[in-house]
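The values are calculated or read from the model by the stated rules, or taken from the named source; none is laboratory data. This is a predicted model, so every value here is computed, not measured. Don't worry about glycine lacking a Cβ; one is built from the backbone with ideal geometry, like all the others, and counts go over all protein chains shown. To get the accessible areas, we keep the full protein, side chains included, count just its heavy atoms, and leave off ligands, DNA and RNA. Shrake-Rupley method; radii C 1.70, N 1.55, O 1.52, S 1.80 Å.
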Amino acid sequence: MDRDASISYAKKYLEDILSFFGLNTDVAVHCDEDVIELSVPSTHLNGFLIGQRGDTLRSLQFILSMGLRNQAAELSRVNIDVADYKKQRNERLAAQVREWCEKVMQAGEPMLLTPMSAVDRRVVHHTISEYGQLESHSEGEGRDRHIIISRRLD
């Protein structure tokens, strides 16, 4: 299955899952590099589709990704966002990271963050890269993987 067919398949697959729950809506889709980005508009089922801390959303992504892999699709990585939940969550996390960066710059001491998911760590690293005098790196394994923010040693 080529790139365009992968995108069409992902859109139809997600819309079919949503219709199973009685939600007949048009899913917006675009492709960013090698990730299919799907956006579900805000509805009365937002909480149900997102789930506690985004668990249902991650499960939907997993199911859709596996469906694409089973079809031997060129693209199998997907990112589903419901009512801009992930976008807003990432913006809140980035704002928190900026506060942590200010603390590290003022105190001069490294800061050890609590373990977080790979997606959250990516947001943290990207936000810290805005600060030329700071650096970040991840340590640990699996669920215990965390980030350390410190001053750059140039």
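Could we say that Leu64 is surrounded by 16 or more Cβ atoms within 10 Å (Cβ to Cβ) and at pLDDT 90 or above here? Spelling it out, Leu64 is indeed surrounded by 16 or more Cβ atoms within 10 Å (Cβ to Cβ) and at pLDDT 90 or above. Of the residues making up the stretch 67-79, those that are among the hydrophobic types (A, V, I, L, M, F, W, C), under 13 Å from Val35 (Cα atoms) and either open to solvent by 40 Å² or more (accessible area, probe 1.4 Å) or not in a strand (DSSP E or B) (or both) number 3.
Test Lys103 against the stated conditions and say whether it is under 30 Å from Ser6 (Cα atoms) and not in a strand (DSSP E or B).
In short, no.
Do you know which residues across the stretch 1-54 are of a type in the set (D, E, K, R) and surrounded by 14 or more Cβ atoms within 10 Å (Cβ to Cβ)?
Of all residues in the stretch 1-54, those of a type in the set (D, E, K, R) come to 2-4, 11-12, 15-16, 26, 32-34, 37, 53.
If the condition is that a residue be of a type in the set (D, E, K, R) and surrounded by 14 or more Cβ atoms within 10 Å (Cβ to Cβ), then Lys11, Glu15, Glu37 are the ones that fit.
The lone criterion from (1) assigned to a helix (DSSP H, G or I); (2) more than 14 Å from Lys86 (Cα to Cα); (3) among the hydrophobic types (A, V, I, L, M, F, W, C) left unmet by Leu49 is number (2).
Would a scan of the stretch 82-96 turn up a residue that is of a type outside the set (Asp, Glu), touching a residue at least 40 places away in the same chain (Cβ under 8 Å), more than 25 Å from Ile128 (Cα to Cα) and open to solvent by 50 Å² or more (accessible area, probe 1.4 Å)? For the stretch 82-96, residues of a type outside the set (Asp, Glu), touching a residue at least 40 places away in the same chain (Cβ under 8 Å), more than 25 Å from Ile128 (Cα to Cα) and open to solvent by 50 Å² or more (accessible area, probe 1.4 Å): absent.
So that you can scan it fast, the table gives a plain yes or no per residue for (1) among the charged types (D, E, K, R); (2) within 30 Å of Ile147 (Cβ to Cβ):
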residue: Lys12; (1), (2): yes, no
residue: Leu23; (1), (2): no, no
residue: Asp32; (1), (2): yes, yes
residue: Ile36; (1), (2): no, yes
residue: His44; (1), (2): no, no
residue: Val97; (1), (2): no, yes
residue: Met105; (1), (2): no, yes
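Within the option set Asp26, Asp4, Asp55, being out of contact with any Phe, Trp or Tyr (no Cβ under 6 Å at 6 or more places or on another chain), among the acidic types (Asp, Glu) and either in a loop (DSSP other than H, G, I, E, B) or at pLDDT 90 or above (or both) holds for one residue only, Asp26. Taking residues in the stretch 122-134 that are closer than 11 Å to Arg151 by Cα, and partners anywhere that are among the small types (Gly, Ala, Ser) and surrounded by 20 or more Cβ atoms within 10 Å (Cβ to Cβ), the pairs with Cβ atoms closer than 8 Å and at least 6 places apart or on different chains are Ile128/Ser136.
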